[in-house]
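Student: Before I ask anything, let me first share the structure, which is written out below as structure tokens.
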Amino acid sequence: MTDIDHKRILADRLAARFGRRSVLLGMGAGAAAAMMGGLPMPAAAAQAGHIKIAALKHIDTLDPHFTFFLSAVQVINNIHSGLLKVTYDGTKVAFVPDLAETWTLEDDKTHLFKLRPNVKFHDGTACDAEAVKFSLMRVKSGTPASPHAWKLALLSEVEIVDPLTVRLKFSEPYAFLPVALTGSTGRAGTIVSPAAVQKYGMDYGRNPVGTGPFRFVSWKDNDSIELEANPDYFEPGLPKLAKASFVMIDEPATAVAALISGQVHGMNDCPMQLVNQVKAIPTVDMYGEIEGNYTYVGMNTRKPPFDDVNLRRAVAFAIDRETLLKQAYFGVAKQAYTPISPPMTGFYDPDIAKSGRGQFFDLAKAKEFRAKAANQGEIEVTYIMAERGPVGTRVAQVVAPMLAQIGIKVKLELLEPAAWVQRMKDGNFEMLDFDWVADLDPDETLYPEFKSGGSWNYWGWANPKFDELCAQAQKILDVPARAKLYYAAEDILMDEAPVAMLAHMPIYKVFSKKVQGFEYVPCDLVNLHTVSLA
């Protein structure tokens with residue numbers, strides 16, 4: 001009987017998803033060395049240089065198992081490592097071993113990971129099979145519950161084969177697994193020090209201990225997060241820098257001025273209104289493209305007035321996206337009809353604008369739904385906003401007068417970013433706009449944000465049929481079959497409209513030309529381990 005190459009089957013399914021970004025399910029370190037012709041590994045290099053990155057987005061915690069924000073992952077990914085990591089060479093997205101030395105699929109539900117030997121956490125404790133099991137179970141069933149637990153819901157057993165080998169057994173085939181087990185966007189596969197978690201408890205997010213290229217030094221509120229090189233990092237010759245700082249700068253124009261003057265060497269985000277200005281600066285390089293993301297106006301369905309589905313539908317059709325893209329996104333974003341985004345080839349429909357699916361501007365239809373709403377008087381709502389993300393408060397300012405056309409009077413309330421985040425998490429809002437970024441699969445695009453009772457379902461929306469469709473799609477590897485299920489789930493979501501879709505955005509990173517060796521990955525990461533300063 002011919003052996004079945006389960007990893008190749010999974011790779012083929014993923015390659016179909018990413019289209020031009022063909023996918024590799026990574027080879028082990030030995031295979032990589034063979035491709036290098038058996039060349040000896042380079043000796044460890046002396047670290048030098050101190051890079052400073054302007055951090056424009058809110059950072060909630062440096063605990064990978066509890067963060068809600070990719071801005072935090074940009075820091076976390078330099079401190080921690082995962083079983084797998086995401087790489088990108090300009091044409092290929094690859095999910096390759098990181099802390100794992102080899103990754104074997106014994107069958108379509110069983111994954112065997114052989115860990116790198118002699119890897120230690122920054123506190124000197126061993127990163128072994130016990131540590132891997134500790135981290136995975138902390139995500140799956142720890143207390144308090146991790147918001148990433150859904151990613152390991154199908155994990156039925158973590159078997160420690162020997163001190164450097166773990167076998168993961170799943171109840172079903174799991175198409176999303178390679179993304180989930182990365183130490184970056186996936187977060188479920190990020191390995192943390194058990195000793196540090198036990199020492200710091202819920203304060204681990206302020207005292208993170210990983211195996212990554214940089215060690216955590218300090219976090220000063222509204223000032224900076226300081227990292228230093230890990231001299232025992234498992235990739236020889238890396239990192240090249242001695243220190244790295246993420247400097248908190250709320251005002252984008254201030255960050256650009258600091259970049260030009262040399263006070264910082266880069267920006268972890270470039271707001272849309274500054275893209276053309278920054279592109280014209282001869283001393284900087286800009287990286288970015290439209291990534292797996294979407295933006296939207298979210299409505300709190302738990303209480304009036306947006307517990308009324310017809311009012312929500314009216315909002316969804318009242319927003320003129322063409323005008324919004326010009327005024328709020330400066331013409332560089334793409335209209336979003338549903339959450340599934342352009343990079344997800346095999347799932348994203350390039351002809352969706354002609355399909356009639358999703359949400360779009362239709363004022364007549366908006367007024368029809370408004371006429372069906374329970375409250376036929378003028379409705380006053382508070383729209384909370386903050387100077388955060390690529391668009392700041394511009395979406396709110398553009399949307400507000402559009403809603404006046406359907407009898408909704410919008411009061412704009414400006415908050416500090418941290419207060420805005422807390423209000424959203426607490427459900428203490430009526431309306432806001434938000435962005436969901438760095439998605440590599442429709443599962444993470446839809447399920448965690450909108451499943452009934454989910455920790456990221458800030459809108460309080462619930463639909464059992466939607467949940468069922470997404471759960472079914474998790475267990476299927478065939479792309480067309482998965483796409484059919486996700487389309488059905490999207491159609492329910494778009495019809496009941498807890499959110500009004502807006503745009504798919506390009507995400508930009510900016511670095512001084514003095515920064516050399518930055519490796520761009522199209523999922524909103526700022527990986528500094530290969531970077532040096534000229």
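Student: Quick one: in the range 275-306, which of the residues that are charged (D, E, K, R), open to solvent by 10 Å² or more (accessible area, probe 1.4 Å) and touching a strand residue (DSSP E or B) at 6+ places or on another chain (Cβ under 9 Å) is modelled with the lowest pLDDT?
Tutor: So the first thing to find is which residues in the range 275-306 are charged (D, E, K, R), and the list is 279, 285, 289, 291, 302-303.
Cutting the leftovers down to open to solvent by 10 Å² or more (accessible area, probe 1.4 Å) gives us 279, 285, 289, 302-303.
After this cut, where a residue has to be touching a strand residue (DSSP E or B) at 6+ places or on another chain (Cβ under 9 Å) as well, the list is 279, 285, 289.
Details: Lys279: 90, Asp285: 94, Glu289: 83.
Applying the filter and picking the extreme gives Glu289.
Student: So the check is Cβ under 6 Å with 6+ separation or different chains; which pairs have a first residue in the range 469-494 that's modelled with pLDDT of 90 or more and a second one that's of a type in the set (Gly, Ala, Ser) and part of a helix (DSSP H, G or I)?
Tutor: Leu469/Ala488; Leu469/Ala489; Cys470/Ala489; Arg482/Ala473; Leu485/Ala473; Tyr486/Ala473
Student: Return the residues of the range 275-307 that are touching a Ser or Thr at 6+ places or on another chain (Cβ under 9 Å) and either within 24 Å of Met424 (Cβ to Cβ) or part of a loop (DSSP other than H, G, I, E, B) (or both); say none if nothing qualifies.
Tutor: Here is the first cut: in the range 275-307, the residues touching a Ser or Thr at 6+ places or on another chain (Cβ under 9 Å) are 283-285, 290-294, 307.
Across the range 275-307, the qualifying residues are Thr283, Glu291, Gly292, Asn293, Tyr294, Asp307.
Student: How many residues are open to solvent by less than 30 Å² (accessible area, probe 1.4 Å) and not in a loop (DSSP other than H, G, I, E, B) when one looks only at the range 219-242?
Tutor: Residues that pass the stated criteria total 4.
Student: From the set of residues in the range 59-79 that are open to solvent by 10 Å² or more (accessible area, probe 1.4 Å) and in contact with a Gly (Cβ under 9 Å, 6 or more places away or on another chain), which is nearest to Met272 (Cα to Cα)? Can you show your working first?
Tutor: Going through the range 59-79, the residues open to solvent by 10 Å² or more (accessible area, probe 1.4 Å) turn out to be 59-61, 66, 68-70, 77.
Add one more test, that the residue is in contact with a Gly (Cβ under 9 Å, 6 or more places away or on another chain), and what stays is 60-61, 66, 77.
On the way: Asp60: 23, Thr61: 26, Phe66: 28, Asn77: 25 Å.
Of everything passing the filter in the range 59-79, Asp60 is nearest to Met272 (Cα to Cα).
Student: Separate question: How about the range 145-176: which of its residues are more than 30 Å from Ala483 (Cβ to Cβ) and modelled with pLDDT of 95 or more?
Tutor: Residues of the range 145-176 that are more than 30 Å from Ala483 (Cβ to Cβ), as a first pass: 145, 157-167.
Matches in the range 145-176: Glu157, Val158, Glu159, Ile160, Val161, Asp162, Pro163, Leu164, Thr165, Val166, Arg167.
Student: Still on this structure, please answer the following. What pairs come up if the first residue lies in the range 330-354 and is among the polar types (S, T, N, Q), the second is modelled with pLDDT of 90 or more and in a loop (DSSP other than H, G, I, E, B), and their beta carbons are under 9 Å apart, counting only those six or more places apart or on different chains?
Tutor: Sorted first by the residue in the range 330-354, then by its partner, the pairs are Gln335/Phe360; Thr338/Asp349; Thr338/Arg357; Thr338/Gly358; Thr338/Gln359; Ser341/Asn293; Ser341/Phe347.
Student: Show me the helices (runs of 4 or more DSSP H) found entirely inside the range 433-529 where at least 2 residues are within 14 Å of the chain's Cα centre (by Cα).
Tutor: On the way: elements: 442-450, 464-474, 479-496.
Where helices (runs of 4 or more DSSP H) fall fully within the range 433-529 and carry at least 2 residues being within 14 Å of the chain's Cα centre (by Cα), they are 442-450.
Student: Give me the pairs: first residue in the range 198-218 and open to solvent by 30 Å² or more (accessible area, probe 1.4 Å), second residue among the hydroxyl-bearing types (Ser, Thr, Tyr), beta-carbon distance under 6 Å, and six or more apart or on different chains, which are they?
Tutor: Every condition considered, the pairs that remain are Asn207/Tyr200.
Student: Continuing with the same structure: Please work out which residue is most open to solvent (accessible area, probe 1.4 Å), limiting yourself to the range 120-146 and to residues that are within 30 Å of Gly453 (Cα to Cα) and in a loop (DSSP other than H, G, I, E, B).
Tutor: Thr143
Student: With respect to the numbered conditions (1) touching a Leu at 6+ places or on another chain (Cβ under 7 Å); (2) within 24 Å of Asp443 (Cα to Cα), which one is the sole condition not fulfilled by Pro117?
Tutor: Tallying (1) touching a Leu at 6+ places or on another chain (Cβ under 7 Å); (2) within 24 Å of Asp443 (Cα to Cα), Pro117 fails exactly one: (2).
Student: Give the residue, chosen from Leu446, Leu477, that is of a type outside the set (S, T, N, Q) and surrounded by fewer than 22 Cβ atoms within 10 Å (Cβ to Cβ).
Tutor: Testing whether each residue is of a type outside the set (S, T, N, Q) and surrounded by fewer than 22 Cβ atoms within 10 Å (Cβ to Cβ) leaves just Leu477.
Student: Give me the pairs, please: first residue somewhere in the range 280-291 and of a type in the set (Ser, Thr, Tyr), second residue anywhere and open to solvent by 30 Å² or more (accessible area, probe 1.4 Å) and not in a strand (DSSP E or B), beta-carbon distance under 8 Å, and either six or more positions apart or on two chains.
Tutor: Correct list of pairs: Thr283/Ile260; Thr283/Lys513; Tyr287/Tyr520.
Student: Determine which member of the set Ala100, Ala149 is under 24 Å from Asp439 (Cβ atoms) and either surrounded by fewer than 21 Cβ atoms within 10 Å (Cβ to Cβ) or of a type in the set (D, E, K, R) (or both). Before you say what the answer is, go through the steps one by one.
Tutor: Details: Ala100 fails: either surrounded by fewer than 21 Cβ atoms within 10 Å (Cβ to Cβ) or of a type in the set (D, E, K, R) (or both).
Every option except Ala149 fails the conditions.
Student: Same structure again: Name the helices (runs of 4 or more DSSP H) wholly inside the range 321-425 in which the number of residues that are open to solvent by 20 Å² or more (accessible area, probe 1.4 Å) and out of contact with any helix residue (DSSP H, G or I) (no Cβ under 9 Å at 6 or more places or on another chain) is 1 or more. I'd like the intermediate steps shown before the answer.
Tutor: Working: elements: 321-327, 352-355, 363-372, 394-404.
Those helices (runs of 4 or more DSSP H) span 321-327, 352-355, 394-404.
Student: Only one of Lys372, Lys303, Lys354 is among the basic types (Lys, Arg) and touching a Lys or Arg at 6+ places or on another chain (Cβ under 9 Å); which? Please lay out each step first, then the result.
Tutor: Values: Lys303 fails: touching a Lys or Arg at 6+ places or on another chain (Cβ under 9 Å); Lys354 fails: touching a Lys or Arg at 6+ places or on another chain (Cβ under 9 Å).
Of the residues listed, the single one that is among the basic types (Lys, Arg) and touching a Lys or Arg at 6+ places or on another chain (Cβ under 9 Å) is Lys372.
Student: Right, something else. If you go through the range 80-88 one residue at a time, do you hit one that is surrounded by fewer than 24 Cβ atoms within 10 Å (Cβ to Cβ) and among the β-branched types (Val, Ile, Thr)?
Tutor: If we filter the range 80-88 for residues that are surrounded by fewer than 24 Cβ atoms within 10 Å (Cβ to Cβ), which is where we start, we get 87-88.
Still in the running and among the β-branched types (Val, Ile, Thr): 87.
Checked the range 80-88: at least one residue is surrounded by fewer than 24 Cβ atoms within 10 Å (Cβ to Cβ) and among the β-branched types (Val, Ile, Thr).
Student: Same structure, new question: Which of the residues spanning the range 74-119 are assigned to a strand (DSSP E or B), more than 23 Å from Phe214 (Cα to Cα) and of a type in the set (S, T, N, Q)?
Tutor: Result: Thr102, Thr104, Thr110.
Student: Considering only residues of the range 247-274 that are part of a helix (DSSP H, G or I) and exposed (fewer than 13 other Cβ atoms within 10 Å of the Cβ), which is farthest from the chain's Cα centre (by Cα)? Before the answer, list the steps.
Tutor: Restricting attention to the range 247-274, the residues satisfying the condition of being part of a helix (DSSP H, G or I) are 252-261, 272-274.
Now drop any that are not exposed (fewer than 13 other Cβ atoms within 10 Å of the Cβ), which leaves 253, 261.
On the way: Ala253: 25, Ser261: 31 Å.
The residue in question is Ser261.
The values are calculated or read from the model by the stated rules, or taken from the named source; none is laboratory data. Nothing here was measured: the structure is a model prediction, and the numbers come from that model. A quick note on method: Cβ atoms are made from the backbone with ideal geometry, for glycine too, and the neighbour counts reach across all protein chains shown. Heavy atoms of the whole protein, side chains included, go into the accessibility calculation; ligands, DNA and RNA do not. Shrake-Rupley method; radii C 1.70, N 1.55, O 1.52, S 1.80 Å.
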